[in-house]
Structures are given as C-alpha cells and as structure tokens.
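See below for the structure under consideration.
Values in this text are rule-based calculations from the coordinates and carry no lab data. The structure presented is a predicted model; accordingly, all values stated were derived computationally and were not measured. Every residue, glycine among them, receives a Cβ derived from its backbone with ideal geometry; neighbour counts consider all protein chains shown.
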Amino acid sequence: MDRRTVVSPVRLMLIFGTTAGYLGLAVLGWGGVRAFFSHPALLALAISTFALSGAAFFAGGSLSRTFPSFELSGCFYWGRANYVVITFFE
C-alpha cells in the first residue's frame with residue numbers, strides 16, 4: 001500500500017475537522033446554529049471556508065524539515081534580504 005494513500009484520509013479529516021472546529025467556535029460565539037446561518041453573508045462565509053479547505057487538500061503542501069529554505073536561511077543572500085525588509089518597515 002502506498003504511503004500517500006494512507007496519509008490522504010488522515011489529512012482530509014484534519015483539514016475539515018479543524019475547519020469545522022473554527023466554524024463551530026464562530027457559531028457558538030454568534031449564539032447558535034439558527035442565529036448564525038440566518039444571515040446570508042455568514043452562510044456564504046461558511047460555504048467559502050469549506051470550499052477553500054477542499055482546495056487546500058488538493059493543493060498539497062508540506063512543512064517537512066527537508067524543504068530547501070530551512071537550509072538556505074543562513075546564507076548571506078537571505079540575511080541581506082532580511083535587513084532590507086526590516087529597514088523598510090522601520
């Protein structure tokens with residue numbers, strides 16, 4: 001069995017589970033399901049949030065340590081770029 005097929009259902013559950021958790025907090029803060037979804041804008045927000053979560057599942061992405069930017073962060077070019085950004089925001 002391919003490792004990617006095992007990870008995909010877990011990743012799908014994590015993406016939609018955390019999205020549902022955040023939306024659930026918003027529903028609780030608004031005063032309940034009926035009060036939250038009685039506003040068309042909030043209904044559209046919930047639908048678009050889950051649509052973007054579905055897009056995140058298919059987009060991939062990785063936070064692994066083998067990503068090249070972790071290894072390049074100490075070189076001169078990246079350090080110089082950080083000084084330019086810090087100077088710009090000061």
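The residues of segment 31-50 that are over 22 Å from Ile15 (Cα atoms) and either touching a Pro at 6+ places or on another chain (Cβ under 7 Å) or small (Gly, Ala, Ser) (or both), listed by number, are Gly31, Gly32, Ala35, Ser38, Ala41. Going through segment 32-51 one residue at a time, which ones are under 13 Å from the mean Cα position of the chain (by Cα) and surrounded by 13 or more Cβ atoms within 10 Å (Cβ to Cβ)? Hits for segment 32-51 are Thr49, Phe50.
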